[in-house]
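A.B. asks: Here it is, the structure in full.
The values are calculated or read from the model by the stated rules, or taken from the named source; none is laboratory data. Keep in mind the model is a prediction, meaning the values are calculated, not measured. Using ideal geometry, Cβ is built from the backbone for each residue, glycine included, and neighbour counts are taken over all protein chains shown. SASA here: full protein model, heavy atoms, side chains in, ligands and nucleic acids out. Shrake-Rupley method; radii C 1.70, N 1.55, O 1.52, S 1.80 Å.
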Amino acid sequence: MIRIGDAPRVRRLLIGVALALTALFLLLPLVAIFAQALMSGIDVYWQNLSDAYTLAAIGLTLLVAVITVPVNLVFGVFLAWLVTRFEFPGRRLLQTLIDIPFAVSPVVAGLVYLLLYGRNGWLGGWLDANDIQIMFAWPGIVLVTLFVTCPFVARELIPLMQAQGSREEEAAVTLGASGWTIFRRVTLPNIRHALLYGVILTNARAVGEFGAVSVVAGAIRGETNTLPLQVEQLYQDYNTVGAFTSASLLALLALLTLAAKAALEWRAARRETAT
Amino acid sequence: MSIRISQIDKTYGNKGHGRKDDGRTRALEPIDLDIQDGELIGLLGPSGSGKTTLLRIVAGLEQADGGSIHFGERDVTHVHVRDRRIGFVFQHYALFRHMNVFDNVAFGLTAMPRAQRPSSGEIRNRVMQLLEMVRLQDFAERFPAQLSGGQQQRVSLARALALKPDVLLLDEPFGALDAKVRQELRRWLRHLHEELHFTSLFVTHDQEEALELSDRVVVMSNGRVEQIATPDTLYRQPANRFVFEFLGDVNRLEGDIEEEVLTCGNARVAVPGVENGRQELLLRPHEIRLDEQPSPRAHLPVSVTAVVPVGAEVRIELEADWLGEPWLATISHADFERLAITRGKRLYAQPSRLHRFDTTRPQTLAPLSVS
C-alpha cells in the first residue's frame, strides 16, 4: 500500500515547490535588502550608517528595547503566575484581556494613547499643566511599545505553567522553602526556556514596531524616530540606499533573533534526548 | 507526635454572596479525629469523599473554614505549611524535574535559611543515608525522568523524610503504580514506619491497601466520617451499610418477611428475630455455601452463569428469577470439585450469615443455625 505523498515523484515535486516558495517569498526579499543597501558600495553604506539622524534612531530603538523588555519580562511572569496559580473572580476575563494588544491593530493602539495623553486628551491637560511631555517624545514611544509587546511573555508562559501545574511548588513549600526560594529554585528553572523565548519575541517586536509608534512619535528627525520610522522617512525622501541601509540593520537584528531562537530550541531538544 | 483534629470543616465555592446553597459544595462536615503518636492511619473513601481535602488541611496546603489542628501540644491551625514540620508525599511524586535525585532529596536542607543550614558535608551524609534507606544510593546523579514510578516515589519519600518531620502525610502514595510495585512499596513503607516511628496519615481509595497498612482506618464518604476502627473491627463490625458495601463485594436479598421467614418469588429463607414487613438484607460472597439440595431453613434455587477458578478460591456468579442482580459467591476448590460446578448448573444457596443495616445498630443473622 502506498501512502499519500509516498510516490518519489510527488515527494520531489512537493519539496521543490516548498523550497521555491521559501526562496521567493522569504529569502529573496532578505537578499534584496542587503543588495540595495550595498548598491553604491560599502563606503556609502558606512556613510549612511553614521548619519546623525540614523545614529539617533538606533539609539532610540535600543532605549525602547532596553526599557520594554525587562518591564514586560517582570509583568509577564507576574501575570502568568497570577493566572495559573490562583483562583479568583475575573481570572478568565483577565486571561482574555491579555490578548487585547494582539487583537487590535497597532495603529488603533497608538491612537488610543494619543487620545489619553495627547494635548487635547483626557490626561493631556493635566500633563501639560505639569510640563510633562509624553506624546511626541520617547516616553510615548516606550508606552505604546509596552502595550503592543506585553502579551508575548505571558502568552508563552501560561500554557506551560498550566501544564506543569503547581505540584512542584507545593512540594517545595512543604519542605519549608520561602516564596522567593521556590520561585528561584523551582518555578524559574522550569519555565526558563519559555521565558527566554518570550523575551526574544518581545525584543523583536519592540525593535520592529511601526504602526503604534508612528502615531505617537510625530516623526521628529533625530528625536522621535525609531529605526522603522527612519526607514520609512528616508524612503519618502527618495533616499533608497539610506532607507535600505537602516532596513538592513533591522533585518540583521531579525536574523540574530532567529538564530538565538533556533539555538534555544536546539539546546532544549538536546536536553530532552539526554534525559 | 500525636495529631488532634477537632471540628475541621470546609466548603468550596463562593461564600457570602447572599446566595443560599447553589454553587457551594460541602467538602467536609465538621470532623474530629485523634491520632496517637507513632500511629499509621489510613483515610479511605471513594473519590469526592473529602479524604484528600482533609489531608491537605492537615498539611496546611488548604485552609479549613473552622476548627483546629494540634500537633502534640502545638496549635498549628494558623501555622503556615512551611513551618508545620510535615513531610508530604504526592500521588504523582512531584519531584523537581530539573534536579537530580540527590538535589531533590537535599532540597529541604539546602532551602533552609543560611544560619540554620547544615554544612554541605552534613547535607551530603544525610542525603546519602536517606538514599541508602530507600535503596537508591546508586541513582543520586539520575534525573526523575530516568527513574521508574516506584523509584520516583521512593525518592519522594526520602525527600519528605529529609527534614525529620513530626508528621508524614501521603496522598494516594501508590495510586499511580502498578499492582506488583504497589504491593512491594506497601510492605516497605510499613517496615519503614516500624523502624522510624513517625506518625503518618495516608489517603487511599483502595480498601485492601488501607486494611493492610493502617493501624486504624478512617472510612469517609461525602465529607463525613463513617467509621474509625482497626482493620479487623472495620471488616467484622461495620458501623453502617456504607462501610459494609465499601469494604468488599456485597450481595443483596430483598423480600417480604412473615413469621421470621423471608419470601421472594419461589425463594425463601429463615430470618430469625426479624419483624414482619419488606426488608433488604446483605451478605458477602464468602457467606454463601452451595449445595445440590435445599435445606429446611433455606430454599434459594440459583443457576451458575460464570465460573472463575483463579486464585485461592473459586468465584461463581449466580442468577435466579427472584434475584434483581446476580450474586457472587466464593467457594473452596474442594467444594467446587465435589459439586462439579459448570456453567448452567442448578444449585441451592445456603447463606451462613445475613446482615441488616436499617436498625440503629447493625444486626447479623445466622439463618442456618437452629435457635
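A.B. asks: What does the C-alpha gyration tensor say about the overall shape of the range A:207-254? Classify as rounded when a/c is under 1.5, otherwise prolate if a/b is larger than b/c, or oblate.
C.D. replies: On the way: a/c = 2.10, a/b = 1.19, b/c = 1.76.
Since a/c reaches 1.5 but b/c is at least a/b, the shape of the range A:207-254 is classed as oblate.
A.B. asks: Among DSSP bridges having both ends in the protein assembly as shown, what percentage is antiparallel? Round to the nearest 5. Before the final figure, lay out each step's value.
C.D. replies: Details: 58 of 76 bridges.
Roughly 75 percent of the beta bridges in the protein assembly as shown run antiparallel, per DSSP.
A.B. asks: Only Cα pairs under 8 Å and at least 6 apart count here; give the relative contact order of chain A as a rounded whole percent.
C.D. replies: Relative contact order, chain A: 30 percent.
A.B. asks: Roughly how many debye, to the nearest 20, is the charge dipole of chain A about its Cα centre, given +1 on each Lys and Arg Cβ, -1 on each Asp and Glu Cβ, and no other charges?
C.D. replies: Values: 19 positive and 17 negative charges, 232 e Å.
Its charge dipole is roughly 1120 debye.
A.B. asks: Once the Cβ-Cβ distance between B:ASP32 and B:ARG346 is put in as r, and R0 is 56 Å, what FRET efficiency do you end up with, to the nearest 0.05?
C.D. replies: Working: r = 52 Å, r/R0 = 0.93.
Rounded to the nearest 0.05, the efficiency is 0.60.
A.B. asks: In addition: What spacing in nm lies between the two simple spin-label points modelled at A:VAL71 and B:SER148, each 7 Å away from Cα in the Cβ direction?
C.D. replies: Result for the modelled spin labels: 5.5 nm.
A.B. asks: How many Cβ atoms of partner chains, on average, are near each residue of A:189-196 if near means within 10 Å of its Cβ?
C.D. replies: Details: counts 4, 3, 0, 1, 0, 0, 0, 0.
The shielding value for this peptide is 1.
A.B. asks: Pick out, in residue order, every one of the GluC sites (Glu not before Pro) in the range B:223-266 that is DSSP loop and has at most 10 other C-beta atoms within 10 Å; say none if there are none. Please report the intermediate quantities before stating the final value.
C.D. replies: Working: sites: B:GLU226, B:GLU245, B:GLU254, B:GLU258, B:GLU259, B:GLU260; in loops: B:GLU259, B:GLU260.
Those that pass, being in a loop and sparsely packed, are B:GLU259.
A.B. asks: Using alpha carbon centroids, what distance separates the range B:146-186 and the range B:308-371, in Å?
C.D. replies: One Cα centre to the other: 39 Å.
A.B. asks: Next question. Taking the Cα centre of the range B:251-365 as the origin, how large is its charge dipole in debye, to the nearest 20, when only Lys and Arg (+1) and Asp and Glu (-1) carry charge on their Cβ atoms? Please list the in-between numbers first.
C.D. replies: On the way: 14 positive and 18 negative charges, 64 e Å.
So the magnitude is around 300 debye.
A.B. asks: So, by mean Cβ neighbours within 10 angstrom, what's the order for B:211-218, B:168-175, B:276-283, B:336-343 with the highest one leading? Intermediate results must be reported in sequence, preceding the final value.
C.D. replies: On the way: B:211-218: 20.6, B:168-175: 23.2, B:276-283: 15.8, B:336-343: 12.5.
Descending packing order for the listed peptides: B:168-175, B:211-218, B:276-283, B:336-343.
A.B. asks: In whole Hz, what ³J(HN,Hα) sequence does the range A:17-28 give by Karplus (6.51, -1.76, 1.60; θ = phi - 60°), x for Gly and Pro?
C.D. replies: 4, 4, 5, 5, 5, 4, 5, 5, 8, 10, 6, 4
A.B. asks: What part of the accessible area of the range B:3-246, given as a whole %, is carbon or sulfur when the probe is 1.4 angstrom? Walk me through the numbers on the way to the answer.
C.D. replies: Working: 4990 of 10980 Å².
Within the range B:3-246, the accessible surface is 45 percent carbon and sulfur.
A.B. asks: Measuring from a point 7 Å past the Cα of A:LEU252 along Cα-to-C-beta, which residues in the range A:217-241 have an amide N at less than 19 Å?
C.D. replies: Within reach of a label on A:LEU252: A:226-232, A:234-235, A:240-241.
A.B. asks: Counting partner chain Cβ atoms within 10 Å of every residue's Cβ in A:162-174, what's the average?
C.D. replies: Values: counts 0, 0, 1, 2, 2, 6, 8, 2, 7, 13, 6, 8, 19.
Whole-number average of other-chain Cβ neighbours for A:162-174 is 6.
A.B. asks: What number of lysine-lysine pairs in the range B:3-246 show an alpha-carbon separation below 25 angstrom, given a sequence spacing of 8 or more or placement on distinct chains? Please report the intermediate quantities before stating the final value.
C.D. replies: Working: B:LYS10/B:LYS20; B:LYS10/B:LYS51; B:LYS15/B:LYS51; B:LYS51/B:LYS164; B:LYS51/B:LYS180.
Lysine pairs meeting the criterion: 5.
A.B. asks: If the chain between A:GLU87 and A:GLN236 were fully stretched, how many nm would it gain, using 0.36 nm times the residue separation less the Cα-Cα distance? If you can, show how the numbers build up before the last one.
C.D. replies: Numbers: separation 149, 0.36 × 149 = 53.64 nm, distance 5.22 nm.
Going from the current span to full extension adds 48.4 nm.
A.B. asks: Taking all protein chains in place and a 1.4 Å probe, what share, in percent, of the accessible surface of chain A do carbon and sulfur account for?
C.D. replies: Values: 10530 of 15470 Å².
Here it works out to 68 percent.
A.B. asks: Pick from B:VAL308, B:VAL167, B:VAL155: which residue has the top mean-square fluctuation in a GNM of chain B where Cα pairs under 10 Å get a spring?
C.D. replies: B:VAL308
A.B. asks: Okay, moving on. What whole-number distance in Å separates the alpha-carbon centres of the range A:13-79 and the range A:148-192?
C.D. replies: 33
A.B. asks: If you take every DSSP beta bridge whose two residues both sit in the range B:3-246, what share of them, in percent to the nearest 5, is antiparallel?
C.D. replies: Values: 20 of 38 bridges.
Bridges in the range B:3-246 that DSSP calls antiparallel: roughly 55 percent.
A.B. asks: Residue by residue through the range B:275-285, which ³J(HN,Hα) values in whole Hz follow from phi under the Karplus form 6.51 cos²θ - 1.76 cosθ + 1.60 (θ = phi - 60°), with glycine and proline marked x?
C.D. replies: Result, ordered by residue: 6, 5, x, 7, 8, 10, 10, 10, 8, 7, x Hz.
A.B. asks: Using the heavy atoms of the protein chains and a 1.4 angstrom probe, tell me the accessible area per residue for the range B:243-298 in square angstrom. Before the final figure, lay out each step's value.
C.D. replies: Details: 2670 Å² over 56 residues.
Ligands and nucleic acids excluded, the figure is 48 Å² per residue.
A.B. asks: Take peptide B:37-49, look around each residue's Cβ out to 10 angstrom, count Cβ atoms belonging to other protein chains, and average those counts.
C.D. replies: 0
A.B. asks: Classify chain A as rounded, prolate or oblate, taking a ≥ b ≥ c as the square roots of the eigenvalues of its Cα gyration tensor: rounded when a/c is under 1.5, otherwise prolate if a/b is larger than b/c and oblate if not. Numbers along the way, then the final one.
C.D. replies: On the way: a/c = 2.04, a/b = 1.11, b/c = 1.84.
Note, shape of chain A comes out oblate.
A.B. asks: Taking chain A as a Gaussian network, Cα atoms linked when under 10 Å apart, which of A:GLY165, A:GLY76, A:GLY118 shows the biggest mean-square fluctuation?
C.D. replies: A:GLY165
A.B. asks: A further question follows. Can you tell me how the protein assembly as shown classifies by the Cα gyration tensor, rounded, prolate or oblate, using a/c under 1.5 as the rounded cut? Write down the numbers at each step before the final one.
C.D. replies: Values: a/c = 2.58, a/b = 2.28, b/c = 1.13.
It comes out prolate by the Cα gyration axes.
A.B. asks: With charges set only on the Cβ (+1 for Lys and Arg, -1 for Asp and Glu), what does the dipole of chain B come to about its Cα centre, in debye to the nearest 20? Intermediate values should be presented prior to the final figure.
C.D. replies: Details: 46 positive and 52 negative charges, 263 e Å.
It comes to approximately 1260 debye.
A.B. asks: Here's another thing I want to ask about it. Chain pair A, B: how much accessible area is buried, both chains summed, with a 1.4 Å probe, in Å² to 100?
C.D. replies: 2100
A.B. asks: How many angstrom lie between the Cα centre of the range B:216-245 and the Cα centre of the range A:203-263?
C.D. replies: If we compute the Cα centre of each part, the gap is 73 Å.
A.B. asks: Within 10 Å, count the other beta carbons around each residue, average over each peptide in A:202-212, A:123-133, and list them highest first. Present the calculation step by step, with values, prior to reporting the outcome.
C.D. replies: Numbers: A:202-212: 22.1, A:123-133: 12.5.
Final packing ranking: A:202-212, A:123-133.
A.B. asks: List the GluC sites (Glu not before Pro) within the range B:100-192 that fall in a DSSP loop (any state other than H, G, I, E or B) and whose Cβ has at most 16 other Cβ atoms within 10 Å. Let's see the in-between values first.
C.D. replies: Details: sites: B:GLU122, B:GLU132, B:GLU141, B:GLU184; in loops: B:GLU141.
Sparse-neighbourhood loop GluC sites (Glu not before Pro): B:GLU141.
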